[in-house]
Amino acid sequence: MQPLLERIEDAARPTAEDGLPAQYIPALARVDPKKFALAVVTKEGAEYAAGDADEPFSIQSISKLFTLALAMEWIGDSLWDRVKREPSGMRFNSIIQLETENGVPRNPFINAGAIVVTDALLHTRPSIAVGFRNQMRLLSGDESVRYDSEVHRSEIATGDMNRAAAFLLKAKGNLTEDPIEATNVYFQFCSLAMSARQLARAALFLVAPQPGDAALAKGTHALRLRAIMRTCGLYDQSGEFAFRVGLPAKSGVGGGIVAVNPAKGYAACAWSPPLDKFGNSIAATEALALLAAETGV
């Protein structure tokens, strides 16, 4: 596996030249576009890594996977009265779609859906920002996992579209908490800083039950989560990613993509900041495509 990851790094790195880091969040726009990481963790506990696999980066929308998992664990099926499970077919921050569909987000991985998930968690657990960070520490086995305050401030300063979605949700009766508080917590989730290795460890519950005290360790909802990852995890490129790569995955505009291969028993994370026009990392997509082709799906 280690030589394979190094070959994949050599092949995938150059493809990043076709994109740019996210420009609309100042803290992300300043990230070195030449960074690249690939990490694989197996259900037996073996770890393999290439590139900058131990450098933390902003996980952004990858957080939506883990907050959804916590909501499924802690809130239950009532969550699905407030958010659907269908691909959106539109931009992940679309206000038009949200209004057209009467304030019920198409899925929990678009921004409006993630704000509903955040609101549901915040309503039942007011200290959820600390709780989420602690859960990610447990899942990754690393107490160094933290929020990036600079990224959080950037999110707050540039997050008007998300606040607009939150106020629309409130107007339609699909938000319980204050829209500003809900979006600030949502921004905080997105600002969590983790490395590719830490994220691969954290996602392992989607492959097999894990030891430890994390709420998600038993992987109770892993099958359902993988289904939503397949259909909605890469914004409106989810179908193309499923066709080309074939792994359940979740991306973030920080340049990371987490993917799992239950059949082969591993979780992986690739990171490269330059994105395509859909908001997905170009080199990370290429790396996971090569990994899937070499290991089988």
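The values are calculated or read from the model by the stated rules, or taken from the named source; none is laboratory data. Just so you know, these numbers come straight off a predicted model, no measurement behind them. We place every Cβ from the backbone using ideal geometry, glycine too, and count neighbours over all the protein chains shown.
At-a-glance table
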read-out	value
Every residue from segment 41-71 that is in a helix (DSSP H, G or I) and either among the small types (G, A, S) or out of contact with any Leu (no Cβ under 9 Å at 6 or more places or on another chain) (or both)	S63, K64, A69, A71
Hits in segment 166-206 (condition: among the hydrophobic types (A, V, I, L, M, F, W, C), surrounded by fewer than 23 Cβ atoms within 10 Å (Cβ to Cβ) and not in a helix (DSSP H, G or I))	A193
The one condition in (1) in contact with a strand residue (DSSP E or B) (Cβ under 6 Å, 6 or more places away or on another chain); (2) buried (at least 17 other Cβ atoms within 10 Å of the Cβ) that G265 fails to fulfil	(2)
Pairs with Cβ under 6 Å, 6+ apart, first in segment 195-212 and in contact (Cβ under 8 Å) with a residue 12 or more places away in the chain and over 9 Å from S140 (Cβ atoms), second among the acidic types (D, E) and assigned to a helix (DSSP H, G or I)	none
Selection from segment 223-233 of residues that are closer than 14 Å to A249 by Cβ and either buried (at least 20 other Cβ atoms within 10 Å of the Cβ) or not hydroxyl-bearing (S, T, Y) (or both)	L225, R226, A227, I228, M229, R230, C232, G233
Residue among A259, A263, A215 that alone is under 16 Å from the mean Cα position of the chain (by Cα) and either part of a loop (DSSP other than H, G, I, E, B) or at pLDDT 95 or above (or both)	A259
Any chance L65 is surrounded by 15 or more Cβ atoms within 10 Å (Cβ to Cβ) and closer than 27 Å to G212 by Cα	yes
Odd one out for S195, checked against (1) at pLDDT 95 or above; (2) more than 13 Å from Q60 (Cα to Cα); (3) out of contact with any Lys or Arg (no Cβ under 9 Å at 6 or more places or on another chain); (4) not acidic (D, E)	(2)
Scan of segment 41-51 for residues that are surrounded by fewer than 20 Cβ atoms within 10 Å (Cβ to Cβ) and touching a residue at least 40 places away in the same chain (Cβ under 8 Å), ordered by number	T42, K43, E44, A46, E47
Any pair with Cβ under 7 angstrom, 6 or more apart, that starts in segment 13-40 at a residue that is farther than 30 Å from F205 by Cα and in a loop (DSSP other than H, G, I, E, B) and ends at one that is modelled with pLDDT under 95 and β-branched (V, I, T)	Y24/T158; I25/T158
Candidate set from segment 24-76 (those that are more than 16 Å from the chain's Cα centre (by Cα) and among the hydroxyl-bearing types (S, T, Y)); member that is nearest to P14 (Cα to Cα)	Y48
